[in-house]
Amino acid sequence: DAGITQSPRHKVTETGTPVTLRCHQTENHRYMYWYRQDPGHGLRLIHYSYGVKDTDKGEVSDGYSVSRSKTEDFLLTLESATSSQTSVYFCAISENLIYGYTFGSGTRLTVV
Amino acid sequence: AQTVTQSQPEMSVQEAETVTLSCTYDTSESDYYLFWYKQPPSRQMILVIRQEAYKQQNATENRFSVNFQKAAKSFSLKISDSQLGDAAMYFCAYRIKGAQKLVFGQGTRLTINP
């Protein structure tokens, strides 16, 4: 995956519990992103980072928080998981956005 | 709001034939970049082709080419000589110059019939 790893690959969790997804890169890219993929909605941006400790909200950020304490790691936390957050979550990285993103392999999260 | 529309949720084509996936976008900017990504059943997102809006020549990558119509804000993907391995979800995306993110369409699921 061109030096980008998401963990876990699959997770089942209960409603109301906190969940953290991890994105790790070895490319030293500046930009990192979290998207969710749902049928009929394509990919929607949750949060992104443009540097260490520099983050911003995307279009569907409610119920999610992120942290980036070092270049290689970007964490996505669902503070209190709900069934509406059942989705496939993708991390992406980029150094120069004119070339688009490189994606991780995704995390399938099921909230029961 | 910036939007990308893929009006065909699903398409199918016979193996070895040609198929075109449509994509339109909405921006008032003149300088931007356009992308097509492929997502096979493995779930991995793969960049297929990209186009810079200031270039009039349509991008081509082997059997994949685009028809970029800037005035119409249209960016369709043509797949020639379709192969079974082309079966996937295809996403169109764009990024205006200076923006820090890409905006994606809803996707088109392409089926290849043997």
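Data overview
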read-out: Buried accessible area, chains B and A (both chains, 1.4 Å probe, Å² to nearest 100); value: 1900 Å²
read-out: Interface residues, the stretch B:84-103 - accessible area loss of 50 Å² or more versus chain alone, probe 1.4 Å; value: B:Gln100, B:Lys101, B:Leu102
read-out: Cα gyration tensor shape of chain B, rounded if a/c is under 1.5, else prolate or oblate by comparing a/b with b/c; value: prolate
read-out: At least 10 Å² accessible surface lost relative to isolated chain, residues of the stretch B:43-74 (1.4 Å probe); value: B:Arg43, B:Gln44, B:Met45, B:Leu47, B:Arg50
read-out: Accessible area (Å², per residue) of chain B, counting only protein heavy atoms and a probe of 1.4 Å; value: 48 Å²
read-out: Listed residues A:Thr17, A:Thr71, A:Thr102, most fluctuating in chain A (Gaussian network, C-alpha, under 10 Å); value: A:Thr17
read-out: The stretch A:62-111, relative contact order [Cα under 8 Å, separation at least 6], %; value: 31 percent
read-out: Choice from B:Tyr37, B:Tyr54, B:Tyr94 with maximal GNM fluctuation in chain B (Cα, 10 Å cutoff); value: B:Tyr54
read-out: Stokes-Einstein D in µm²/s, Kirkwood radius over Cα pairs - the protein assembly as shown at 37 °C with 0.692 mPa s viscosity; value: 182 µm²/s
read-out: Percent RCO, i.e. relative contact order, over the stretch B:3-113, from Cα pairs under 8 Å lying at least 6 residues apart; value: 38 percent
read-out: Computed FRET value (nearest 0.05) for B:Gln14 with B:Gln69, which takes r as the C-beta separation and R₀ as 25 Å; value: 0.40
read-out: Carbon plus sulfur fraction of accessible area for the protein assembly as shown, probe 1.4 Å, in percent; value: 46 percent
read-out: Net charge over other residues, Cβ less than 13 angstrom from the Cβ of A:Leu97 (K, R count +1; D, E count -1); value: +2
read-out: Filtered GluC sites (Glu not before Pro), the stretch B:25-114: DSSP coil and at most 13 other beta carbons within 10 Å; value: B:Glu29
read-out: From phi via Karplus (6.51, -1.76, 1.60), per-residue ³J(HN,Hα) for the stretch B:37-43 in Hz, x at Gly/Pro; value: 10, 10, 10, x, x, 5, 5
read-out: Calculated from backbone phi, Karplus (6.51, -1.76, 1.60) coupling profile of the stretch A:23-31 in Hz, x at Gly/Pro; value: 10, 10, 10, 10, 9, 6, 7, 6, 9
read-out: Cα gyration tensor shape of chain A, rounded if a/c is under 1.5, else prolate or oblate by comparing a/b with b/c; value: prolate
read-out: Under Karplus coefficients 6.51, -1.76 and 1.60, residue-wise ³J(HN,Hα) of the stretch B:45-55 in Hz, glycine/proline x; value: 8, 10, 6, 9, 6, 9, 9, 9, 5, 7, 8
read-out: Accessible area per residue, Å², chain A with all protein chains present, probe 1.4 Å; value: 45 Å²
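The values are calculated or read from the model by the stated rules, or taken from the named source; none is laboratory data. All figures in this text were calculated on a predicted structure; none of them were measured in a lab. All Cβ positions, glycine included, derive from the backbone under ideal geometry; neighbour counts span all protein chains shown. All accessible areas refer to the heavy atoms of the entire protein, side chains included, with ligands and DNA or RNA removed. Shrake-Rupley method; radii C 1.70, N 1.55, O 1.52, S 1.80 Å.
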